[in-house]
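The next block holds one structure in the form of structure tokens; read it before the comments.
The values are calculated or read from the model by the stated rules, or taken from the named source; none is laboratory data. Fair warning: this is a prediction, and the values are worked out from it, not measured in the lab. Cβ placement follows ideal geometry from the backbone for every residue including glycine, while neighbour counts extend to all protein chains displayed.
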């Protein structure tokens with residue numbers, strides 16, 4: 001008793017489907033596959049990033065300094081070329097303009113009634129801000145202070161572009177009489 005060719009093909013297809021569908025459940029019980037199906041996972045922003053081992057520096061980055069160390073130890077490696085200022089402007093408009101304003105006078109869109117109070121430290125054109133060293137401004141970007149959050153997500157080199165742009169804003173500011 002032999003099956004017709006069309007029934008034989010149908011039987012083979014059904015057997016293949018049943019066989020491959022049964023493997024899915026069986027794979028979960030094989031010990032070395034279990035870790036692939038029940039692995040721990042972390043959603044974006046769900047957990048804090050792991051801190052680096054103390055005393056180490058991640059590849060491609062600079063050692064992190066606190067505000068006072070940055071003030072005394074760091075000097076600006078940039079020369080303030082047009083490219084440096086252009087890059088600084090792009091970063092300033094991305095990260096700083098909300099609080100410090102387009103001119104650096106501390107009048108950004110998040111400052112005002114029912115928002116951030118107009119604090120004197122927001123004004124990058126004040127005499128106090130003019131006396132700050134480049135290293136201090138760099139450290140302030142990296143560490144934050146008071147109402148200013150830390151901007152460690154801004155890359156090491158990019159912080160210097162921001163310092164250059166802030167210095168340009170200070171030079172272009174009208175002289176107070």
Being under 30 Å from residue 51 (Cβ atoms), in contact (Cβ under 8 Å) with a residue 12 or more places away in the chain and crowded, with 16+ Cβ neighbours inside 10 Å, is that true of even one residue in region 102-116?
no
Of (1) under 20 Å from residue 147 (Cβ atoms); (2) under 23 Å from the mean Cα position of the chain (by Cα), residue 107 fails just (2)
Within region 139-153, restricting to residues that are touching a helix residue (DSSP H, G or I) at 6+ places or on another chain (Cβ under 6 Å) and within 21 Å of residue 103 (Cβ to Cβ), the one that is modelled with the lowest pLDDT is 151
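So is residue 166 on the phi < 0 side of the Ramachandran plot, touching a residue at least 60 places away in the same chain (Cβ under 8 Å), buried (at least 16 other Cβ atoms within 10 Å of the Cβ) and in a loop (DSSP other than H, G, I, E, B) or not? Reasoning before the result, please.
On the way: on the phi < 0 side of the Ramachandran plot: yes; touching a residue at least 60 places away in the same chain (Cβ under 8 Å): yes; buried (at least 16 other Cβ atoms within 10 Å of the Cβ): yes; in a loop (DSSP other than H, G, I, E, B): no.
No: the conditions fail for residue 166.
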(message) Being within 23 Å of the chain's Cα centre (by Cα) and assigned by TED's automatic domain parsing to the domain that holds residue 151: is that true of residue 85 here?
(response) yes
When region 77-100 is checked residue by residue, the ones that are without any contact (Cβ under 8 Å) to a residue 12 or more places away in the chain and either touching a strand residue (DSSP E or B) at 6+ places or on another chain (Cβ under 6 Å) or part of a loop (DSSP other than H, G, I, E, B) (or both) are 79, 81
Filtering region 123-141 down to residues that are more than 20 Å from residue 108 (Cα to Cα) and either surrounded by 16 or more Cβ atoms within 10 Å (Cβ to Cβ) or not assigned by TED's automatic domain parsing to the domain that holds residue 88 (or both) yields 132, 134, 135, 136, 138, 139
